[in-house]
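Heads up, the thing below is written out as structure tokens.
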Number of protein chains: 2
Amino acid sequence: MSTPARGGTAALAPRDQPPGSRERLFGIGVAAARAGVSERALRYYQQLGLITPSGRTPGGLRRYSQDDLARVARIRQLQTLLGLNLDEIAVVLRNEDRLAEIRLAYHRQLTSDADRRELLRESLTLQQDLRVTVEAKRSAIEGFLADLDARIARTRSLL
Amino acid sequence: MSTPARGGTAALAPRDQPPGSRERLFGIGVAAARAGVSERALRYYQQLGLITPSGRTPGGLRRYSQDDLARVARIRQLQTLLGLNLDEIAVVLRNEDRLAEIRLAYHRQLTSDADRRELLRESLTLQQDLRVTVEAKRSAIEGFLADLDARIARTRSLL
DNA sequence: CCAAGACATGACGTTAACGTCAAGGTCAGA
DNA sequence: TCTGACCTTGACGTTAACGTCATGTCTTGG
């Protein structure tokens, strides 16, 4: 493992700041704080393939972008709101990633028309599956809440 | 620990079947199957004080009633729907139990008026706390669903 | 250039919520 | 009465999602 020479063959190296869009990047400490999770959690998510920091310093330190933080928020949302485990979350995220790719390919016409339609259908199905479970959860919660309100009303009536 | 003599001083022992209401009782195997959980889970819930089978055979085998099964269902609901852990669930259940007791005491006037009002207020507060968290969850899920629907619409529009 | 944080990569520890196995008791029916 | 299915308690195992070191590296202000 040789430390890559800084400024050497920088052709493919991810630029630190694309001059136009001033993308602020954070170290793992700040990123974790902003995302409301631990550094360990961020490394763990990465280990499971849920996120990859959008950059590394030449020395190997992780650099997180705003989008990365949004992704972490999404993970937490799927975790706490829907109760999915990290493996299930990986599936959802992979699907969303593919959709984003398809959207790009759609504009640049990099893939064949048939391929895109195929991928689109597949993604749509996955999204609809997710929708079904979420909808079920919603109605269940609604029932729970109605029940709870009834209990509260009964309790109030005793006062 | 002496095995309690069967048929001894049975004055306070829970009757097996109150002659009027034909309460069917189940062994732990059937109970677990009906509740959709494992036998181990039932024993574990009992260990944590979440449920107590409403009876035991003279030999010590657990007997679960319909109400017990409903209670297990409630546990599962709080677990999967709200994401509470078993300790938090214990709090909720204890509160609900107390409310039920209060209702009984209310009719039979076993406690002082002041005591009952005090307990009622306390229970009401707990219920309202729960309501707040549930309501938060509901609106969060609603937002999630709206967002998901928007994504689905966008995906559809690409087809 | 150099010290003080911040960070990287293992590797082992922890907690909740059970799973599983062992060594026996209990019960209902033939 | 006796067998086979069901059940008991106790103890140890398991899995997910991290927590917590230990040890060495990177980065940055002075």
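The values are calculated or read from the model by the stated rules, or taken from the named source; none is laboratory data. All values derive from a computational prediction rather than experimental measurement. We place every Cβ from the backbone using ideal geometry, glycine too, and count neighbours over all the protein chains shown.
Observations on the structure shown:
- Candidate set: the stretch B:76-135, residues that are among the basic types (Lys, Arg) and facing another protein chain (nearest Cβ under 7 Å); chosen: the one farthest from A:Ser157 (Cα to Cα): B:Arg131
- Criterion: surrounded by 14 or more Cβ atoms within 10 Å (Cβ to Cβ), small (Gly, Ala, Ser) and out of contact with any Gly (no Cβ under 6 Å at 6 or more places or on another chain) - qualifying residue of A:Ala41, A:Ala33: A:Ala41
- Inside the stretch B:136-159, residues that are more than 7 Å from chain A (Cβ to nearest Cβ) and among the hydrophobic types (A, V, I, L, M, F, W, C) make up a count of 4.
- Note on the stretch B:41-75: among residues that are among the hydrophobic types (A, V, I, L, M, F, W, C) and within 14 Å of chain A (Cβ to nearest Cβ), the one that is nearest to DNA strand C (Cβ to nearest atom) is B:Ile75.
- The selection criterion, being in the same structural domain as B:Arg131 (by TED's automatic domain parsing), in contact (Cβ under 8 Å) with a residue 40 or more places away in the chain and either touching a helix residue (DSSP H, G or I) at 6+ places or on another chain (Cβ under 8 Å) or within 16 Å of DNA strand D (Cβ to nearest atom) (or both), does not hold for B:Leu99.
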